[in-house]
Amino acid sequence: MSHDNILLNEWNTPHQTPPFSMIRNEHFASAVHAAIAESETAIQNIAKQESAPSFENTIDALERSTDRLDTVCNLLFNLNECNTNPEMQDLVIELTPTITRFENGVWMNEQLFARVKAVYDRRDTLNLTIEQKQVLEKYYQHFIRGGVNLDVGTKAKFSANNEELALLQERFNQNVLADTNAFTLHITEHSDLAGLPDNVVAEARAEAEARHMDGWVVTLKAPSYRPFMQFADNRDLRKRLWMAYNKRGNNNNTNNNNDIIRRIVQLRLEQARMLGYDNYASLSLGRTMAQNVETVNIFLSGLLEACAPTAKRDVDEVKKYALGHGANFELQSWDFSYYSEKLKKEQYDFDSELMRPYFQLEKVRQGIFNLYSKLYGLTFHKSSSIEVYQDDVHAYEVYDGDRFMGVLYLDMFPRDNKRGGAWMTEFRCQSCLDGHQVRPQIQIVCNFSKPVGDRPSLLSFDELETFMHEFGHAMHGLLSDVTYPSVSCTKVRHDFVEMPSQVMENWCYEPEFLNTFANHYQTGKLIPAEYIERIRKSEKYLAGHLCLRQLNFGRLDMAYHTLEQELDKKPDCFEQEHTVSLLPSIEGTGISTSFTHIFCGGYAAGYYGYKWAEVLDADIFSKFKADGIFNRETSEAFRKEILSRGGSEHPSVLFRNFMGRDPNNKALLRRCGFIDN
């Protein structure tokens, strides 16, 4: 039956991709309500059927029960992240409690759980595949953690808790975006541009022109903020910019996130207590490789012990360099990037801006396409028939020979209606229920330097690594080849999800890869061998400092989520107590009030996973290095044993199947320079 609402119709589009030009904000509310009603009917049909519970009539049926709702929600929430507007933001706030209420109703449905439990209790006697066992375990645990065994009164409280939590997480995200957009550094004196590379000045000028302002404008978006902090000689302006960036969500305005953090932490603790756990981390870690708080804390403490001496040496070197180059003041956070960049150039003759002309976005993209062709035989075909949601977004059809693997959307540049950072997500995941192959629709979103005038988008080396990282996530999605959507693509244990993306960053340091695409955008000359050598030699530069920074984020996350009582102080004060700072702390600043990963991005009690996965990625790449970085046999084994498997088997098993042993951290410690062998 055809509906007036495009979101409730089947799409006659290439590969059933979203018809973005036909989708309006007003479609979402009615589509969400209709899709929820459809799913509720499906859920009731499963719960009330008279047939004895089986995997097929219960678990298989549950996998299909939210298809339309998943499609609508993926569209709404993904677009809200990358192409939002005030009306859409209001819609998300309006609809989030409704969606959460529906989800609560599913996971607290005792009649439905009785059927799931009946299958679960007989799991060892059923002829289930390894994947089916994982899916069954995931559903069973989700019901338990969703509150199905709570009494009626506690269920009501748990449901209300979930709804409030979902709403607060969305408000947190919107506040960070609002504060990011609210600040601009308007420069009218040419002398204040001293030290900035020409391309950074040109981008600041273009930003001012776009805002109909004279002079130059610097923003808090990464392509503008980072190079200013690295190169601007004007210390006072660096401080202004740094303070604005590190006070996002902590200003005296309507975007303040302090009370939201306190409430989120409290609600999560209450959830854990209702389910019988001492703290939220203990609840959350049950579905990870680490399993428990003690393992995570031992892991973080061990890495901290390994990196701390190097981190102190890194910072002391920068301080010494700064002192020797006229810095007759105590080095502050807004000085560190500036002087460390100068020291890097002196020590390794590494000039990030000198490298940039060799990393033209279009050539980098083609280089990555070619890499995946060499590794997995994939080809990428730009499509003019697949609709996109913004003019500068591009869609590609991905093939393995004649086999269609999925659609890839690339959204590369900053916008005011797009949050900062870089991420991979999906409009549709892969599945193969009833033998019907559904291929994924994957989205990579970044915030890279825009083209300015005749100059194309030129990436920094850090941006090259970011692109490779997100492409690793995308390949995890596009090469997924499982049956059940609940374990497809990147739906793996949380401390395993970053491994495939971090593995791919390693290729950025390999001459064999760089030489396939890194040509100067004007002369066409290949990147000089000595430049690559500088990149390789600088790999360990500030490795201790950067490791400490990531560990601080992980330790702070665990500190918030192992609280067993109400957060009774301001988040910036709490942050200072639970992180190791080698530079002076500045009151009222910090990461907490803009830490979207843990307060609205799904990484609560999971940020340690970046370092956990780094151990795995360094170990795995050691095999690629030994076998050859383009070795087809090794890459096909990686695809078969890990990328294609999603969450269909425990990641420890997947790792062993590929490496032939359990992981160890020596490869990471060697890569960072913390040990010699």
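The values are calculated or read from the model by the stated rules, or taken from the named source; none is laboratory data. Please read all numbers here as calculations on a predicted model, not as lab measurements. When we count neighbours, we look across all protein chains shown, and the Cβ atoms used for this are built from the backbone with ideal geometry, even at glycine.
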Residue pairs qualifying under the 9 Å Cβ cut-off, at least six apart or on distinct chains, with the first in region 577-601 being of a type in the set (D, E, K, R) and the second being in a loop (DSSP other than H, G, I, E, B), are Glu577/Lys569
The one condition Ser488 fails out of (1) surrounded by 24 or more Cβ atoms within 10 Å (Cβ to Cβ); (2) within 24 Å of Gly554 (Cα to Cα) is (2)
Of (1) assigned to a helix (DSSP H, G or I); (2) outside the structural domain of Glu63 (by TED's automatic domain parsing), Gln134 fails just (2)
From the option list Glu207, Glu203, single residue qualifying as touching a strand residue (DSSP E or B) at 6+ places or on another chain (Cβ under 8 Å) and touching a residue at least 60 places away in the same chain (Cβ under 8 Å) is Glu203
Note: among Ala160, Ala166, just one is surrounded by fewer than 16 Cβ atoms within 10 Å (Cβ to Cβ), outside any loop (DSSP other than H, G, I, E, B) and at pLDDT 95 or above, namely Ala160
Only one of Ala35, Ala52 is of a type outside the set (Lys, Arg) and more than 29 Å from Ala395 (Cα to Cα), namely Ala52
* Could we say that Thr58 is assigned by TED's automatic domain parsing to the domain that holds Asn127 and assigned to a loop (DSSP other than H, G, I, E, B) here? -> no
Q: Please indicate, with yes or no, whether at least one residue in region 413-426 is surrounded by 20 or more Cβ atoms within 10 Å (Cβ to Cβ), touching a residue at least 24 places away in the same chain (Cβ under 8 Å), among the charged types (D, E, K, R) and touching an Asp or Glu at 6+ places or on another chain (Cβ under 6 Å).
A: yes
message = Condition check: out of contact with any Cys (no Cβ under 9 Å at 6 or more places or on another chain), part of a helix (DSSP H, G or I) and over 28 Å from Ala272 (Cβ atoms). Does Thr84 satisfy that?
response = no
Quick count over region 568-601, residues being assigned to a loop (DSSP other than H, G, I, E, B) and either touching an Asp or Glu at 6+ places or on another chain (Cβ under 9 Å) or surrounded by 18 or more Cβ atoms within 10 Å (Cβ to Cβ) (or both), is 16
The one condition Thr41 fails out of (1) crowded, with 17+ Cβ neighbours inside 10 Å; (2) over 26 Å from the mean Cα position of the chain (by Cα); (3) polar (S, T, N, Q) is (1)
Here the residues within region 648-663 that are assigned to a loop (DSSP other than H, G, I, E, B) and surrounded by 14 or more Cβ atoms within 10 Å (Cβ to Cβ) are Ser648, Glu649, His650, Pro663
Open item on the list: Criterion first (among the polar types (S, T, N, Q), under 24 Å from Lys138 (Cβ atoms) and touching a residue at least 24 places away in the same chain (Cβ under 8 Å)) does Gln291 satisfy it?
Closed with: no
| Residue check: is Val393 within 24 Å of the chain's Cα centre (by Cα), free of Cβ contacts under 8 Å to residues at least 24 places away in the same chain and buried (at least 16 other Cβ atoms within 10 Å of the Cβ)? | yes
Note to self: Among the residues that make up region 361-378, is at least one of them touching an Asp or Glu at 6+ places or on another chain (Cβ under 9 Å) and more than 30 Å from Tyr531 (Cβ to Cβ)?
What the structure shows: yes
For region 512-530, the count of residues that are under 14 Å from Met355 (Cα atoms) and surrounded by fewer than 18 Cβ atoms within 10 Å (Cβ to Cβ) equals 11
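Residue-by-condition table, conditions (1) touching a residue at least 60 places away in the same chain (Cβ under 8 Å); (2) surrounded by 15 or more Cβ atoms within 10 Å (Cβ to Cβ); (3) not small (Gly, Ala, Ser):
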position	(1), (2), (3)
Asn45	no, no, yes
Glu56	no, no, yes
Leu62	yes, yes, yes
Phe77	no, yes, yes
Asn85	yes, no, yes
Asp90	no, no, yes
Asn109	yes, yes, yes
Gln132	yes, yes, yes
Tyr140	no, yes, yes
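Rundown of residues vs (1) assigned to a loop (DSSP other than H, G, I, E, B); (2) over 19 Å from Thr466 (Cβ atoms), yes/no style:
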| site | (1), (2) |
| --- | --- |
| Asn506 | no, no |
| Leu548 | no, yes |
| Ala559 | no, yes |
| Gln565 | yes, yes |
| Ala604 | yes, yes |
Counting only helices (runs of 4 or more DSSP H) wholly inside region 321-415, the ones holding at least 2 residues that are charged (D, E, K, R) and within 21 Å of Ser457 (Cβ to Cβ) are 361-376
